[in-house]
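What follows is a set of notes on a single structure, which appears directly below.
The values are calculated or read from the model by the stated rules, or taken from the named source; none is laboratory data. What you see is a predicted model; the values in this text were computed from it and never measured. No Cβ is skipped: glycine too gets one built from the backbone with ideal geometry, and neighbour counts run over all protein chains shown. Accessible surface areas use protein heavy atoms only, side chains included; no ligands, DNA or RNA. Shrake-Rupley method; radii C 1.70, N 1.55, O 1.52, S 1.80 Å.
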Amino acid sequence: METWWLCLPDESKVRVAGAGVLIGRGLDCDVVLHDPQASRHHALVHVTPEGPHVVAMGRAPTRVGGEAVDGSTLAEGDRIAVPGLEVSVQVERAEGVQQEPAWVMRVVGGGMFGVDESPLTLGGGPNDDVRFDDLPPAALRLQSAQQRLFVELGMEAVIGRNPKPHQVGEVLPIGPGTVIVVGGHRVQVMTSGRLHTDTTVGPQDNARPGSPTQVHLQTLPRGARLHLHIAGTAHSAYVSDECRELLACLLKPPAPYWAGDLVPDSTVLNTVWPGKEKSSADLNLLLHMLRRDLVRAGLDGVELVRRAPGGGATQMGIGPHTEIRMS
């Protein structure tokens, strides 16, 4: 397992967690700058499946290795320079005794493997954890989040008893006994590992982790950070511009709707893409992207952003007493 850090000149370190590390003059930043050339929100470093990534947000340049960037994937040892500060990127790789996996999968007719909070990919790419040479890279991406197991599809796949293939980009919860057919391969969820006593039901009946008691959507010059409190634990995630607009619509929908209501597609489309010709297919694609970002940050994106049965409307998975703040 890899943990990424930003190392400051005073030899202190800041861990790059789910919502990333926000750098700027604003007091809401994780690393506060004092240089007058720095913007209130100047840059954000967050982790993607390809590794850490820096997003430039300020007026003055954000430089990596001396070159100004708009956005850039980072590697260990890279140096990021913003007005008044230079930090280096470091990684720690956990070694030693492996813990019991949260979930156990098996390839039908093949081996077994464990899945934990760290993602595990199956496909034909050189970096996939389980190799199938006839599949594209990351055909399946499996990850545990909030005691549920999720699959992100890099190609069409049949899941469970429904013969209709699920589409590329979908993020779905799966439970013990579920069979995924991808290409000519069958992968089955076995009994879970250390979470077995808590998650022994199928994908449609998994216990929900509970609604957030607090939600804060922090708007940035590019994208947003979503901060949640669920069962007394703080969680956070970084999302893109369009995902930010979808979250804002669901957390503060136009009248007559309230936060937590099912908001019709027509209302969501007009709010997220005002004046543009967009359809429910575009909304579904954006919903897949948002769920993907949330699951990758360790959150139950399917429970947090719910689609009405059969489609047609979307709601935020919050309760009537959830405290909502937008800034």
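Over the chain, accessible surface divided per residue gives 49 Å², non-protein components excluded, 1.4 Å probe. Per the Cα gyration tensor, the range 61-166 maps to an equivalent ellipsoid with semi-axes of 36, 18, 14 Å, ordered largest to smallest. Bridge orientation summary for the chain: considering DSSP beta bridges with both residues in this region, about 90 percent are antiparallel. When the alpha-carbon atoms of the chain are used, the pair Rg, Dmax equals 20.5, 63 angstrom. Taking the Cβ of residue 19 as the centre, find all other residues whose Cβ is under 10 Å away and add up their charges (Lys, Arg: +1; Asp, Glu: -1). Value of the local net charge: 0. P(r) for the range 231-327, from all Cα pairs and a bin width of 10 Å, is 15, 53, 29, 3, 0 %, short bins first. Estimated purely from DSSP H runs of n ≥ 4, each contributing -39500 (n - 2.57), the mean residue ellipticity at 222 nm for the chain is -3500 deg cm²/dmol once divided by its residues. Just checking the listed ones, 60, 248, 138: in the Gaussian network model of the chain with Cα springs under 10 Å, the one fluctuating most is 60. Once the chain from residue 262 to residue 326 is taken as fully extended at 0.36 nm per residue, the excess over their C-alpha distance is 21.1 nm.
Each Lys or Arg adds one and each Asp or Glu takes one away; over the other residues whose Cβ falls under 15 Å from the Cβ of residue 82, this sums to 0.
Size of the range 240-296: Rg and Dmax of its alpha carbons, in Å, are 10.9, 33. Could you check which residue among 18, 310, 71 shows the biggest mean-square fluctuation in a GNM of the chain with a 10 Å Cα cutoff? Ranking 18, 310, 71 by mean-square fluctuation puts 310 first. Give the Debye-formula value of log10 I(q)/I(0) at each listed q (0.21 Å⁻¹), with one equal scatterer per alpha carbon of the range 28-86, two decimals each. Debye intensities relative to I(0), on a log10 scale: -0.77.
Restricting the trypsin sites (Lys or Arg not before Pro) of the range 139-173 to loop positions (DSSP other than H, G, I, E, B) with no more than 10 neighbouring Cβ atoms within 10 Å leaves 161. Of the accessible area of the range 28-117, with the probe set at 1.4 angstrom, what percent is carbon plus sulfur? Accessible surface attributable to carbon and sulfur in the range 28-117 totals 46 percent. The simple Förster model, with R0 at 22 Å and r as the Cβ-Cβ distance, assigns residue 28 and residue 234 a FRET efficiency of 0.90. Enclosing the Cα atoms of the range 1-131 in their convex hull gives a volume equal to 134 cubic angstrom per residue.
Tell me which DSSP H helices of the chain clear both cut-offs, 18 Å or more of axial length from alpha-carbon atoms and a mean Kyte-Doolittle hydropathy of at least 0.0. It would help to have the intermediate numbers written out before the result.
Working: long enough: 280-296 (24 Å, 0.16).
Span-like helices here: 280-296.
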